[in-house]
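Undergrad: Can you read through this structure? Questions will come right after.
The values are calculated or read from the model by the stated rules, or taken from the named source; none is laboratory data. Model, not experiment: these values are computed from the prediction. Please note: Cβ atoms are built from the backbone with ideal geometry, for glycine as well, and neighbour counts cover all protein chains shown.
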Amino acid sequence: MPAHLVNACMSRASQAASLTLLAILAAPSVLRAESLADAWQMALQSDATLAATRSDREAAEADHAAARRQRWPALDLNGAYTQFDNAPMLQIDMPGAQLQAPLWKHDGYAMAGADLSVPLWTSGRISGAVGAAAAGAREAAAREMLGASDLKLAVAESYVAVIRARKTLEVAQSSVRSLTGHANDVQIMYENQAVARSDLLSAQVALANATLQQLRAANALHLATAAYNRWVSQPLERVPDLEEPRIPAPQLEETPLQQLMAHALQARPEIAALGAQQSGLEQAARVHAAAAATEQAEENLRIAKELYGSGLANSNQVLDAETLRVVARSNQDEAALDIVLAHYRLERAVGGL
């Protein structure tokens, strides 16, 4: 590809990336960042499915209370009032005469009654109805708890997805900055006839690819943010300032599996698989290796650039070192965020979410 076409593509891509980033990052300032607890509160208050299960639970509790009241004495009161056009008259027809006399002086009458009933023996009908209603209330409460737990886990995953996309964008931006500096250095060296034209073209193509990855990362962040806003019932175009999630203390992850299973059987409405514990423990040990790999990749890139500037390495070695740095940093971010998600999945499995 000719150099002027590559430069033009990079220029247009950089402009588009700048506009996309401004659209994503231009948000009104807030006093504090939005935490995962804030997200859970918004979702629990606004989720329609959870509201439906909450209504079912309230209805089941009302049925249970009505069933229990069948054991109590029941007092029924009734009353009625009859209105006539005229006061009732007694009329007797006699030969040559007619006798009329009022039955009472009012043109209406009222009636009232009371009925008191006490259940003495119902052959277990009331006890059965109370037991069935109590079971229905417990089932409805379990469904509500399960719905809230599932919702909180989904919100946590969406929350972490935004943080993950944000970190991916930061890595892509750092790669563009690094490759931009490298391309400028190669341009100067090429103008001084210190390197071949192929070095310049490879540096420009690598920069163009990095810019494309930056655009993709910006778009992924936009989509992840819209999905998160949908879970918390906020406008899709809102750009929240999310608080960086901290890796939880490995309390559940270090608990013996049998103890976790016993706790889950007591706390959860259904038996849950606890395979997330093993995943959480494994990932807790991968995160340290990823951090060490990132440091090594940063040092490798620094050495490669110094060697290239001294003429002891070629351009491909610098580009390979940059690729390794991006992969190492991405793996480190992925490891940390996977631990956060594994913790909340384990919390849900044992009924603690």
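Undergrad: Filtering the stretch 229-276 down to residues that are charged (D, E, K, R) and modelled with pLDDT of 75 or more, which residue is surrounded by the most Cβ atoms within 10 Å (Cβ to Cβ)?
TA: Top of the filtered list is GLU243.
Undergrad: Sticking with this structure for a sec: Please work out if LEU201 is over 21 Å from the mean Cα position of the chain (by Cα) and either buried (at least 21 other Cβ atoms within 10 Å of the Cβ) or modelled with pLDDT of 90 or more (or both).
TA: So LEU201 fails the test.
Undergrad: Working carefully through the options ALA218, ALA227, ALA203, find the one that is in contact with a His (Cβ under 7 Å, 6 or more places away or on another chain), touching a residue at least 40 places away in the same chain (Cβ under 8 Å) and either part of a helix (DSSP H, G or I) or more than 30 Å from SER149 (Cα to Cα) (or both). Working first, answer last.
TA: Values: ALA218 fails: in contact with a His (Cβ under 7 Å, 6 or more places away or on another chain); ALA227 fails: in contact with a His (Cβ under 7 Å, 6 or more places away or on another chain).
Every option except ALA203 fails the conditions.
Undergrad: May I pose another question? Kindly provide the set of residues from the stretch 133-172 that are in contact with a Leu (Cβ under 8 Å, 6 or more places away or on another chain) and within 16 Å of ARG216 (Cα to Cα), ordered by number.
TA: Passing the criteria: VAL162, ILE163, ARG164, ALA165, ARG166, LYS167, THR168, LEU169.
Undergrad: So which pairs qualify, if the first residue must be in the stretch 42-53 and assigned by TED's automatic domain parsing to the domain that holds GLU144, the second must be in a helix (DSSP H, G or I) and acidic (Asp, Glu), the Cβ gap must be under 6 Å, and the two must be at least 6 apart or on different chains?
TA: Short answer, once both residue conditions are applied: THR53/GLU144.
Undergrad: Would you mind finding the one in LEU312, LEU281, LEU353 that is surrounded by 19 or more Cβ atoms within 10 Å (Cβ to Cβ) and either assigned by TED's automatic domain parsing to the domain that holds THR180 or modelled with pLDDT under 75 (or both)?
TA: LEU353
Undergrad: Quick check: is even one residue across the stretch 145-166 surrounded by fewer than 19 Cβ atoms within 10 Å (Cβ to Cβ), assigned to a helix (DSSP H, G or I), over 22 Å from the mean Cα position of the chain (by Cα) and assigned by TED's automatic domain parsing to the domain that holds THR323?
TA: Scanning the stretch 145-166 turns up no residue that is surrounded by fewer than 19 Cβ atoms within 10 Å (Cβ to Cβ), assigned to a helix (DSSP H, G or I), over 22 Å from the mean Cα position of the chain (by Cα) and assigned by TED's automatic domain parsing to the domain that holds THR323.
Undergrad: If you don't mind, there's one more thing I want to ask. Mind telling me which of the residues VAL340, VAL326 ends up being in contact with a Ser or Thr (Cβ under 6 Å, 6 or more places away or on another chain), in the same structural domain as THR168 (by TED's automatic domain parsing) and in a helix (DSSP H, G or I)? Step through it out loud before you land on a result.
TA: Values: VAL340 fails: in contact with a Ser or Thr (Cβ under 6 Å, 6 or more places away or on another chain).
After applying the criteria, what remains is VAL326.
Undergrad: Looking at this structure, is THR211 among the β-branched types (Val, Ile, Thr), in contact with a Lys or Arg (Cβ under 9 Å, 6 or more places away or on another chain), buried (at least 17 other Cβ atoms within 10 Å of the Cβ) and more than 18 Å from ALA313 (Cβ to Cβ)?
TA: Considered against the rule, which asks whether it is among the β-branched types (Val, Ile, Thr), in contact with a Lys or Arg (Cβ under 9 Å, 6 or more places away or on another chain), buried (at least 17 other Cβ atoms within 10 Å of the Cβ) and more than 18 Å from ALA313 (Cβ to Cβ), THR211 comes out as no.
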